Amino acid sequence: MDISKFLSFEAISLATVVFFNLTLFIIILAKKNKIANIYYFLGFQFFVIFWVTATMLFYVLEGESLRIITHIVYFGPSFIPMFMTMFVSTFPNEKLGYSKLKMAFFLIFPFIVATLTLIPGAIVRDAVIVNGERIILY
């Protein structure tokens, strides 16, 4: 692995995003008086941090590690809409007024999509480097 890739524009930009999101996550987590729906926001923040970290590694890793991280890059965003929808729906009332069917959809669908992202060939077939550019094959 070439250390200079950690100093690329992409890696530094994504590391900055991770730093600020992680700082926000820790500040909210450390707050003593938490309202119930803040956990939805923390779930959203966690998966954003996860996704951006995986994307940063996508620009740095090579070979088999690149193939593995490509699947993980698609895993994180599977849960972001669920947590953001639940947070927005409960802010500021703190009550999630969804039917059991809608809640089941919100909870099951992201897990199905996330599982598919980890199965080679289901969503992403491969990732290759051609002339220094990373290409994802679907």
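Tabulated data for the structure shown
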item	result
Given (1) free of Cβ contacts under 8 Å to residues at least 24 places away in the same chain; (2) open to solvent by 40 Å² or more (accessible area, probe 1.4 Å); (3) of a type outside the set (Lys, Arg), index of the condition residue 75 fails	(1)
Enumeration of residues in segment 127-138 that are open to solvent by 80 Å² or more (accessible area, probe 1.4 Å), part of a loop (DSSP other than H, G, I, E, B) and either closer than 26 Å to residue 35 by Cα or of a type outside the set (Ser, Thr, Tyr) (or both)	131
Condition check for residue 111: within 19 Å of residue 54 (Cα to Cα), of a type in the set (Phe, Trp, Tyr), modelled with pLDDT of 90 or more and touching a Ser or Thr at 6+ places or on another chain (Cβ under 9 Å)	yes
Members of segment 1-14 found to be under 18 Å from the mean Cα position of the chain (by Cα) and open to solvent by less than 40 Å² (accessible area, probe 1.4 Å), listed by number	11, 14
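Yes/no matrix, rows are residues, columns are (1) charged (D, E, K, R); (2) open to solvent by 40 Å² or more (accessible area, probe 1.4 Å); (3) over 29 Å from residue 120 (Cα atoms):
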| site | (1), (2), (3) |
| --- | --- |
| 21 | no, no, yes |
| 24 | no, yes, yes |
| 30 | no, yes, yes |
| 41 | no, no, yes |
| 94 | yes, yes, yes |
| 100 | yes, yes, yes |
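The values are calculated or read from the model by the stated rules, or taken from the named source; none is laboratory data. Quick caveat, the model's predicted, so the values are computed rather than measured. FYI the Cβ positions are ideal-geometry reconstructions off the backbone, even for glycines, and counts take in every protein chain you see. Side chains are part of the model used for accessible areas, which takes the heavy atoms of the whole protein and leaves out ligands, DNA and RNA. Shrake-Rupley method; radii C 1.70, N 1.55, O 1.52, S 1.80 Å.
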